[in-house]
1. Quick check on region 41-170: of the DSSP beta bridges with both residues there, what percent are antiparallel, nearest 5%?
2. What angle do you read, to the nearest 10 degrees and between 0 and 90, between the alpha-carbon axis of helix 2-66 and the longest principal axis of the chain?
3. Run the count for region 41-170, please: Lys pairs, Cα-Cα under 13 angstrom, 8 or more apart or on different chains.
4. Going by average Cβ neighbours within 10 Å, how do the peptides 48-54, 162-168, 18-24, 111-117 rank, with the highest at the top?
5. If the cut-off is a Cα-Cα distance under 16 Å, which aspartates and glutamates reach Lys39, setting aside same-chain residues fewer than 8 apart in sequence?
6. Assign unit charges at the C-beta atoms only (+1 for Lys and Arg, -1 for Asp and Glu), then state the dipole size of region 41-170 relative to its Cα centre in Debye, rounded to the nearest 20.
7. What does the helix-only formula give at 222 nm for the chain: each DSSP H stretch with n ≥ 4 adding -39500 (n - 2.57), the total divided by the residues, and the result rounded to the nearest 500 deg cm²/dmol?
Amino acid sequence: MKRSEKALGKQGAMEMSFGMIFSIILIIFFLSFAFFGIKTFLGIQDTAKTTKFLSDFKTDVEQVWKSPQASQEKEYTLPSKKEKVCFVDFSIPAKGTDGEIYGELKRAYYGKENMIFYPVVFEGVESVQIRYIDLSTITADANPFCIKNINGKVSLRLTKDFADALVTITR
């Protein structure tokens, strides 16, 4: 009788052990799914911030372009992953302090883009064409002309004089 009780006790311990292992596997599965969901949600948030930046920036450039004369200091919100906003003219060689990233920015160039986010990571929007900007004047001293993202904020000045046909961007 003692042997069968021992055998039953061992079998019960084995079933309980399997149940605990199965529970642990389920917990790990649910936690990994939750972390994946959070990461995806944060990625969507970064894409939304970038899209809002582009929309607001394009609207402001067009507004300055339509006016006869303007000078506006603007501050935009951008995800911290995007360290710099760079205006690049790929028809001329690199020069200036940010010239070493010229090659990396060229990876996001497909023919018409003149504004590229650095670093180039290909998560969402990396480069766009901004109309109505005077790229030759912007990149006259530095190509690429980059503006740093400081704590999620990018500050720049949009200017246009009476004699100018296009908008100039400065720090």
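1. Details: 23 of 24 bridges.
Among the beta bridges of region 41-170, antiparallel pairing accounts for roughly 95 percent.
2. 10
3. 14
4. Top to bottom by mean Cβ count within 10 Å: 111-117, 48-54, 162-168, 18-24.
5. Glu123
6. Computed charge dipole of region 41-170: roughly 220 debye.
7. The per-residue figure over the chain is -15500 deg cm²/dmol.
Computed from the coordinates by the stated procedures, all read-outs in this text should not be read as laboratory data. Remember, it's a predicted structure, so these values are computed and weren't measured experimentally. Cβ sites come from the backbone with ideal geometry, for glycine too, and all protein chains shown count toward neighbours.
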